[in-house]
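**Student:** Please see the structure below; I have some questions.
The values are calculated or read from the model by the stated rules, or taken from the named source; none is laboratory data. Remember, it's a predicted structure, so these values are computed and weren't measured experimentally. In this analysis, Cβ positions are derived from the backbone assuming ideal geometry, glycine residues included, and neighbour counts consider all displayed protein chains. Heads up: the accessible areas ignore ligands, DNA and RNA and are worked out on the full protein's heavy atoms, side chains in. Shrake-Rupley method; radii C 1.70, N 1.55, O 1.52, S 1.80 Å.
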Amino acid sequence: QMQLAESGGGSVQAGGSLRLSCAASGRTFSPYAKGWFRQAPGKEREFVASINWNGDSTLYADSVKGRFIISRDNAKNTVYLQMNSLKSEDTAVYYCAASNRLLRTERNEKNYDYWGQGTQVTVSS
């Protein structure tokens, strides 16, 4: 069974940057698709970014395209989300997700199998 743990959240002023990390652990090493989602107060959880099994393909929500970069290091079993030019509307709890079957990028949260507990990102304007 895979476990995910996010880190790197915090508070930052608008225009600043943060890098989130998601470390995976478990009995079996499974380099399938991974993704980042976020949930703001009063809103449903939404897709942010996804990366395929070997990191050569990525997918982004329109709201973060050009500002955020998702990457992975399979040797470290870790996925990252570099967030640049942060806006107040990026404020949310950010969740890491992992598939145990999909190789390609995936934006539908229903197709992910493992979830972290989330890390808070707060952007002040």
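**Student:** Give GLY66, GLY15, GLY55, GLY35 a once-over and let me know the one that is modelled with pLDDT of 95 or more and under 12 Å from the mean Cα position of the chain (by Cα).
**Tutor:** The match here is GLY35.
**Student:** Related question: What residue, of TYR80, TYR114, is touching a residue at least 60 places away in the same chain (Cβ under 8 Å), farther than 17 Å from TYR60 by Cα, touching a Leu at 6+ places or on another chain (Cβ under 7 Å) and aromatic (Phe, Trp, Tyr)?
**Tutor:** Criteria check complete, one pass: TYR114.
**Student:** Can you name every one of the strands (runs of 3 or more DSSP E) wholly within the range 1-94 that holds 1 or more residues which are small (Gly, Ala, Ser) and either touching a Phe, Trp or Tyr at 6+ places or on another chain (Cβ under 7 Å) or more than 19 Å from TRP115 (Cα to Cα) (or both)?
**Tutor:** On the way: elements: 2-7, 10-13, 18-26, 34-39, 46-51, 58-60, 68-73, 78-83.
Output list reads 10-13, 18-26, 34-39, 46-51, 68-73.
**Student:** Mind telling me which of the residues VAL48, VAL64 ends up being touching a helix residue (DSSP H, G or I) at 6+ places or on another chain (Cβ under 8 Å) and either of a type in the set (Phe, Trp, Tyr) or at negative phi (or both)?
**Tutor:** Numbers: VAL48 fails: touching a helix residue (DSSP H, G or I) at 6+ places or on another chain (Cβ under 8 Å).
None of the others qualify; the one that does is VAL64.
**Student:** Return the only residue of GLN13, GLN1, GLN39 being in contact with a strand residue (DSSP E or B) (Cβ under 9 Å, 6 or more places away or on another chain) and surrounded by 14 or more Cβ atoms within 10 Å (Cβ to Cβ). Don't jump to the end; show me each part of the working.
**Tutor:** Values: GLN13 fails: surrounded by 14 or more Cβ atoms within 10 Å (Cβ to Cβ); GLN1 fails: surrounded by 14 or more Cβ atoms within 10 Å (Cβ to Cβ).
Answer to the check: GLN39.
**Student:** Turning to a different aspect of this structure: When you check ARG27 against the structure, is it open to solvent by 60 Å² or more (accessible area, probe 1.4 Å) and either at pLDDT 95 or above or not β-branched (Val, Ile, Thr) (or both), yes or no?
**Tutor:** In short, yes.
**Student:** Next question, about the same structure. Tally up the residues in the range 44-62 that are open to solvent by 30 Å² or more (accessible area, probe 1.4 Å) and touching a strand residue (DSSP E or B) at 6+ places or on another chain (Cβ under 8 Å), please.
**Tutor:** The total comes to 7.
**Student:** Condition test on SER85, is it buried (at least 16 other Cβ atoms within 10 Å of the Cβ), over 17 Å from ASN108 (Cα atoms) and among the small types (Gly, Ala, Ser)?
**Tutor:** So SER85 fails the test.
**Student:** Only one residue in LYS76, LYS34 is within 22 Å of SER99 (Cβ to Cβ) and either buried (at least 16 other Cβ atoms within 10 Å of the Cβ) or touching a Cys at 6+ places or on another chain (Cβ under 6 Å) (or both). Which one? Working first, answer last.
**Tutor:** Values: LYS76 fails: either buried (at least 16 other Cβ atoms within 10 Å of the Cβ) or touching a Cys at 6+ places or on another chain (Cβ under 6 Å) (or both).
Going through LYS76, LYS34 in turn, the sole match is LYS34.
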